[in-house]
Amino acid sequence: MSFDSDVYEYLKTVPRGKVVTYGMIAHAIGRPRAARQVGNALHRNPTPVVIPCHRVVNREGRLAPAFAFGGMEIQASLLRAEGVEVRDGYVDPEKFLWRG
């Protein structure tokens, strides 16, 4: 499998109402130093509805300022639709981080 495919397959396992970080994905796919590459893969996401890239935040819980599929407000809307609380562009990692 390619790096991008590994990212997408992992991300499909993240349940609705939960978020993960770029670093968590990199670590989970065996590339712990590749968090930036994870972000690049998400920008190339071929099927955003199937591969829920909106569930990815930075390590502090901040949404992506340039969310690839419509901006931060779209990401916030998608997360809120799943029951995730978003305040001032942040998600509370203590409450919503998935530790799968």
Identity of the residue in region 59-77, among the charged types (D, E, K, R) and not in a strand (DSSP E or B), that ends up surrounded by the fewest Cβ atoms within 10 Å (Cβ to Cβ): E60
Selected residue (only one of V84, V49 is closer than 15 Å to T21 by Cα, among the aliphatic types (A, V, I, L, M) and either without any contact (Cβ under 8 Å) to a residue 12 or more places away in the chain or part of a loop (DSSP other than H, G, I, E, B) (or both)): V84
Some residue of region 1-23 being in contact with a strand residue (DSSP E or B) (Cβ under 9 Å, 6 or more places away or on another chain), assigned to a loop (DSSP other than H, G, I, E, B), touching a residue at least 24 places away in the same chain (Cβ under 8 Å) and not hydrophobic (A, V, I, L, M, F, W, C): yes
Every residue from region 29-43 that is more than 13 Å from S2 (Cα to Cα) and either under 13 Å from the mean Cα position of the chain (by Cα) or loosely packed, with under 12 Cβ neighbours inside 10 Å (or both): P32, R33, A35, R36, G39, N40, L42, H43
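Every number in this text was worked out from the coordinates using simple rules, so none of it is lab data. Computed from a prediction, not measured in an experiment: that's the story for all the values here. Virtual Cβ from ideal backbone geometry, glycine too; neighbours counted across all protein chains shown.
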